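Chemist: Let me begin by handing over the structure; questions about it come next.
The values are calculated or read from the model by the stated rules, or taken from the named source; none is laboratory data. This one's a predicted model, so the numbers in the text were calculated from it and none came from an experiment. Cβ atoms come from the backbone with ideal geometry, glycine included; neighbour counts cover every protein chain shown. The protein model used for the area step is the full one, side chains on, heavy atoms only, and it has no ligands, DNA or RNA in it. Shrake-Rupley method; radii C 1.70, N 1.55, O 1.52, S 1.80 Å.
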Amino acid sequence: MNFSWLDDFLALAATRNFSRAAQQRNMTQPAFSRRVRALEEWLDVELFDRSAQPVALTPAGEWFVEVARGLVERVGRLPAEAVAVAGAQDETLKFVATHALSLTFLPGWLRGLEARTPLGRIELVSDVVQRCERAMLAGDTQFMLCHTHAAVAGLLPEEDFIHVAVGADELVPATSTAHAADLRFALDARGQAALPLLDYGAGSGLGRIVRTLHEAALAERGVVRVMTAHLATVLKSMALEGRGVAFLPLSLIDDALATQRLAVVGDARWRIPLGISVYRPRAALPAAAETFWRALLQAA
């Protein structure tokens, strides 16, 4: 079935003359006749009584006039409907965010932004920073929320992406309060048994920051990596169990510090100040995303 056959049929139904209908359809009469015959063969009925002068519609042809008009009108509306659907999709704000910030920072931050501007529908994917960066590079998302440090470069090139700081945090070495006084857990105690370290996996942005800034100092202290995990929430659970020391964001452990289930170990040099930033492509985004970005800049 060729949809253009419907226009052929409607032209002949209106003119009742093969020659004039063929002219309207910008083709020769033999070619036009073959197309009308092809439609009849597809429907397996005669649509026109060719013995009459002028050509007459058969009962099946009379029925098919309204059907054909409806189909042509429906097909004609499809481009506009497709644009409308695409526009509705463009209203969705697409985010990727690291697990820790999805749990701690994101809900309250969005609530504050909503006081300035309606946000509409939000599509959020929570993952380790390496996968979040890959989603940005692939164009699968509009915004990325993550921890940052000025001395630690990410994977998003500055010529293609921009970012704005929206908050602050801090990475601190912490362990269970019951083990905080144990010399094995002391970051500043040289010559002691190796420090049991709860470390981040390779895909973790927080791990990237800790390794860049403290790898040499940790090697000098002497550590044994008793557990490796991508998620700060997992390392927090292990620290609460007294299994080792983990560098954890204050935003994730402030409750445990307040209730004295966790304690910060080591002096101030081990603490790492962090930024919290939102990244976006430099290229233009859909209207709703650009409106969100303007509200974000005003809030920042």
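Chemist: Scan 291, 233 and give me the residue that is β-branched (Val, Ile, Thr), over 19 Å from residue 128 (Cα atoms) and open to solvent by less than 70 Å² (accessible area, probe 1.4 Å).
Modeler: Details: 233 fails: over 19 Å from residue 128 (Cα atoms).
Of 291, 233, the one residue that is β-branched (Val, Ile, Thr), over 19 Å from residue 128 (Cα atoms) and open to solvent by less than 70 Å² (accessible area, probe 1.4 Å) is 291.
Chemist: Considering (1) open to solvent by 20 Å² or more (accessible area, probe 1.4 Å); (2) within 20 Å of residue 290 (Cβ to Cβ); (3) small (Gly, Ala, Ser), say which one residue 97 fails and leave the rest.
Modeler: (1)
Chemist: OK, next. Which is in contact (Cβ under 8 Å) with a residue 40 or more places away in the chain, in a strand (DSSP E or B), within 20 Å of residue 273 (Cα to Cα) and open to solvent by 20 Å² or more (accessible area, probe 1.4 Å), of 167, 154?
Modeler: Within the list 167, 154, the selection yields 167.
Chemist: With 119, 137, 110, 145 as the choices, which residue is in contact (Cβ under 8 Å) with a residue 40 or more places away in the chain, within 18 Å of the chain's Cα centre (by Cα) and not in a loop (DSSP other than H, G, I, E, B)?
Modeler: Unique residue meeting the criteria: 145.
Chemist: Could you go through the stretch 69-87 and let me know if any residue there is open to solvent by less than 30 Å² (accessible area, probe 1.4 Å) and modelled with pLDDT of 85 or more.
Modeler: The answer is no; no qualifying residue exists.
Chemist: From the list 190, 208, 225, which residue is surrounded by fewer than 18 Cβ atoms within 10 Å (Cβ to Cβ) and either under 38 Å from the mean Cα position of the chain (by Cα) or under 13 Å from residue 279 (Cβ atoms) (or both)? Can you show your working first?
Modeler: Values: 190 fails: either under 38 Å from the mean Cα position of the chain (by Cα) or under 13 Å from residue 279 (Cβ atoms) (or both); 208 fails: surrounded by fewer than 18 Cβ atoms within 10 Å (Cβ to Cβ).
225 is the lone residue from the list that is surrounded by fewer than 18 Cβ atoms within 10 Å (Cβ to Cβ) and either under 38 Å from the mean Cα position of the chain (by Cα) or under 13 Å from residue 279 (Cβ atoms) (or both).
Chemist: Hey, could you check the stretch 254-267 for residues that are farther than 11 Å from residue 175 by Cβ, touching a residue at least 12 places away in the same chain (Cβ under 8 Å) and out of contact with any helix residue (DSSP H, G or I) (no Cβ under 6 Å at 6 or more places or on another chain) and say which is most open to solvent (accessible area, probe 1.4 Å)? Before the answer, list the steps.
Modeler: Residues of the stretch 254-267 farther than 11 Å from residue 175 by Cβ: 254-255, 257-260, 267.
Filter once more, keeping what is touching a residue at least 12 places away in the same chain (Cβ under 8 Å): 257, 260, 267.
Pick out the ones that are also out of contact with any helix residue (DSSP H, G or I) (no Cβ under 6 Å at 6 or more places or on another chain) and you get 257, 267.
Numbers: 257: 48, 267: 66 Å².
Top of the filtered list is 267.
Chemist: Quick check on this structure: which one of 222, 242, 205 is touching a Cys at 6+ places or on another chain (Cβ under 7 Å) and touching a residue at least 12 places away in the same chain (Cβ under 8 Å)?
Modeler: Values: 222 fails: touching a Cys at 6+ places or on another chain (Cβ under 7 Å); 242 fails: touching a Cys at 6+ places or on another chain (Cβ under 7 Å).
That would be 205, the only listed residue that is touching a Cys at 6+ places or on another chain (Cβ under 7 Å) and touching a residue at least 12 places away in the same chain (Cβ under 8 Å).
Chemist: Sticking with this structure for a sec: Suppose we keep only residues that are touching a residue at least 12 places away in the same chain (Cβ under 8 Å), open to solvent by 60 Å² or more (accessible area, probe 1.4 Å) and hydrophobic (A, V, I, L, M, F, W, C) within the stretch 1-15. Which one would you say is farthest from residue 42 (Cα to Cα)?
Modeler: For the stretch 1-15, the residue satisfying everything is 3.
Chemist: Among residues belonging to the stretch 170-184 that are in contact with a Pro (Cβ under 7 Å, 6 or more places away or on another chain) and touching a residue at least 24 places away in the same chain (Cβ under 8 Å), point out the one that is most open to solvent (accessible area, probe 1.4 Å).
Modeler: As a first pass, look at the stretch 170-184 and keep what is in contact with a Pro (Cβ under 7 Å, 6 or more places away or on another chain): 170-171, 184.
Pick out the ones that are also touching a residue at least 24 places away in the same chain (Cβ under 8 Å) and you get 170-171.
Numbers: 170: 46, 171: 0 Å².
Ranking the candidates gives 170 first.
Chemist: Further question: Pairs, please: C-beta under 6 Å, at least 6 apart or cross-chain, first residue assigned to a loop (DSSP other than H, G, I, E, B) and in the stretch 273-285, second open to solvent by less than 20 Å² (accessible area, probe 1.4 Å)?
Modeler: 285/142
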